[in-house]
Amino acid sequence: MWKGKAPSSRRAEIQNLYQNYASGQATLWVCALLRFLHKEQMELTANEETAESLIDRYEIDETARESRSMTFEGFLRYMESKDCCVFDRDHTSVYQNMDQPLTSYFISTSHNTYLTGDQLVGKSHLDAYSCALRKGCRCLEIDCWDGPDMDPVVYHGYTLTTKILFKDVITTVEHHAFEVSAYPVILSLENHCSREQQEVMAQYLISILGDKLLSAPLDHPTTGDLPSPNDLKYKILIKNKALNPRIKTLDTSGTETEESVDEEEEDEDEEDEDKYQQTKAKFWSPRNSAPKPKKKKVVVAEALSDLVIYTRSIKFSSFSHSRDNQNSYENTSMAEKKTRKLAKASGSDFVQHNQRFLSRIYPAGSRTSSSNYNPQEFWNVGSQLVALNFQSLGRPMDLNDGRFQDNGGCGYTLKPPVLMSSQRSFDPGCSQHSLQPTHLLLKVISGSNLPVPRSGKALDPFVRVEIHGIPSDSRRKSTHTVKNNTLSPYWDADMNFSISVPQLCLIRFCVRDQTGLLSSEFVGQYTLPFTSLKKGYRWVPLRSRDGCSLDPASLFVFVWYS
């Protein structure tokens with residue numbers, strides 16, 4: 001690995017590398033370029049053909065191309081191309097096995113999808129649905145309430161959030177569902193409607209979604225218990241409570257009849273209770289406290305129940321109860337606090353539970369500003385539907401974006417083998433001593449074209465590298481601060497990490513501006529899974545707080561792991 005003096009720009013750093021391998025020659029010959037690919041970029045499968053194809057792609061000097069060599073300008077173009085991005089290009093399209101049951105995947109999931117602001121007085125908007133779908137989200141939440149003129153509405157119950165029509169939400173979903181991904185969309189209904197308005201909902205789902213709506217079980221799913229993403233391509237699934245299957249009984253005359261039995265519901269749905277309590281705390285004074293809204297028991301209308309196929313919502317009791325009684329097509333939803341408690345007390349049981357069943361986790365009702373938890377702690381136990389407020393920017397959404405840019409950004413990523421093994425129990429809360437740790441070296445060399453702050457003042461930038469994984473793997477390290485350099489800060493900082501479960505890890509590069517002794521401000525970030533990390537000299541594309549590209553702002557790094 002090259003180690004040089006502080007050059008003034010990335011161009012100079014790359015020139016040092018070029019000269020090192022050109023060995024005094026005017027151009028870089030195929031054999032020298034191949035040596036660079038093997039030794040520095042760890043492209044071990046590269047051969048002469050690979051090197052020649054890079055010359056054809058990036059070299060514009062005709063004489064050099066004809067002599068099968070590369071000038072410095074061609075080498076620079078290659079080093080700043082997507083071929084040298086820190087994110088593995090093979091992972092920009094779907095490359096994972098998509099024939100496993102749905103339980104084998106992390107699924108990009110949104111909470112209170114209709115909201116564009118906070119959970120108390122924020123606006124509900126159809127754009128929130130189209131934005132989430134364009135981000136690769138595959139599980140959307142719809143809170144449904146009785147509306148005027150028998151037209152159900154969507155909003156955050158017991159609050160002052162604005163209302164939108166259910167039929168407009170479904171029309172928006174139908175338009176955008178498969179714009180960026182062919183894999184199934186799950187509509188998670190939080191259903192507070194009367195039986196009559198549920199029948200209207202069912203009619204809208206059938207008439208608007210048409211053939212996209214999954215309205216009957218598949219004849220021959222590829223896998224066992226639940227179908228796979230491939231089986232359900234271009235299908236929209238309804239997640240809701242459902243009536244029990246019809247059971248046969250004898251009436252008083254001894255004639256056999258059929259009746260439909262509703263599943264037993266708890267007195268107060270947890271998520272509703274959360275919403276009620278947060279609104280009470282915000283708007284109702286203790287002296288003039290409004291009476292608690294009396295919850296009517298919502299009985300599921302048969303027409304809506306019939307549309308719930310593989311994603312039937314039930315209450316979670318315990319892991320042993322689920323093991324003995326839960327069906328594969330039944331799933332549970334839990335608030336973050338309860339999930340955290342269960343993960344801490346019975347991590348390996350939770351992992352095994354999620355091998356068989358879908359579980360959805362949602363943020364606590366006390367998060368009235370629509371803030372998010374760290375989703376990594378729930379991915380660590382294998383929960384598939386870890387729901388986040390997509391409208392709330394910051395580290396949790398960066399992690400979600402990083403997790404789901406993998407596998408072509410299709411919204412489904414295969415859980416790692418450590419979460420799927422039936423042979424070995426895995427508890428993310430325990431240090432995994434039985435596993436051979438992976439050593440990761442990240443050398444943060446320099447930055448380039450960092451965004452200028454509104455003040456116009458030059459940045460005092462530093463880079464923080466965060467590892468997000470099981471608790472014992474989660475670490476962060478920072479470079480020193482470079483004073484007064486926005487264009488080409490140089491750090492040349494080595495960071496070493498020991499990681500026991502790299503398949504679960506996300507790496508987050510965050511550039512910050514040192515504004516005081518103990519204060520700093522966000523400049524840009526980039527998050528990716530450890531498994532998508534390319535070795536060698538790589539550039540890191542920076543993104544803004546809302547996930548947009550800050551091109552040409554980037555970092556130049558060296559990556560090695562073993």
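The values are calculated or read from the model by the stated rules, or taken from the named source; none is laboratory data. Since we're looking at a predicted model, the values are computed, not measured. Note that each Cβ is placed from the backbone with ideal geometry, even for glycine, and that neighbours are counted across all protein chains shown. All accessible areas refer to the heavy atoms of the entire protein, side chains included, with ligands and DNA or RNA removed. Shrake-Rupley method; radii C 1.70, N 1.55, O 1.52, S 1.80 Å.
Below, the figures for the structure above:
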quantity	calculated
Residue pairs meeting the criteria (Cβ under 7 Å; at least 6 apart or on separate chains; first part of a helix (DSSP H, G or I), in the stretch 397-413; second open to solvent by 10 Å² or more (accessible area, probe 1.4 Å) and among the aliphatic types (A, V, I, L, M))	Asn407/Val94; Gly408/Val94; Gly409/Val180
Check on Thr161, among the polar types (S, T, N, Q), crowded, with 21+ Cβ neighbours inside 10 Å and over 15 Å from Gln198 (Cβ atoms)	yes
Residue list for the stretch 503-538, restricted to those being open to solvent by 20 Å² or more (accessible area, probe 1.4 Å) and closer than 26 Å to Pro416 by Cα	Gln503, Thr531, Lys534, Lys535
Selection within the stretch 368-382 - open to solvent by less than 10 Å² (accessible area, probe 1.4 Å) and either in a helix (DSSP H, G or I) or without any contact (Cβ under 8 Å) to a residue 60 or more places away in the chain (or both)	Tyr373, Pro375, Gln376, Phe378, Trp379, Val381, Gly382
Hits in the stretch 167-193 (condition: closer than 20 Å to Arg360 by Cα and in contact with a Pro (Cβ under 7 Å, 6 or more places away or on another chain))	Tyr183, Pro184
Elements of type strands (runs of 3 or more DSSP E) in the stretch 212-261, at least 1 residues being farther than 12 Å from Thr311 by Cα and modelled with pLDDT under 70	247-250, 256-259
Residue in the stretch 501-516 that is of a type in the set (Gly, Ala, Ser), on the phi < 0 side of the Ramachandran plot and modelled with pLDDT under 95 present	yes
Filtered residues of the stretch 164-194 (kept if touching a residue at least 40 places away in the same chain (Cβ under 8 Å), open to solvent by less than 10 Å² (accessible area, probe 1.4 Å) and within 18 Å of Cys131 (Cα to Cα))	Val169, Val173, Ala177, Ser181, Pro184, Val185, Ile186, Leu187, Ser188
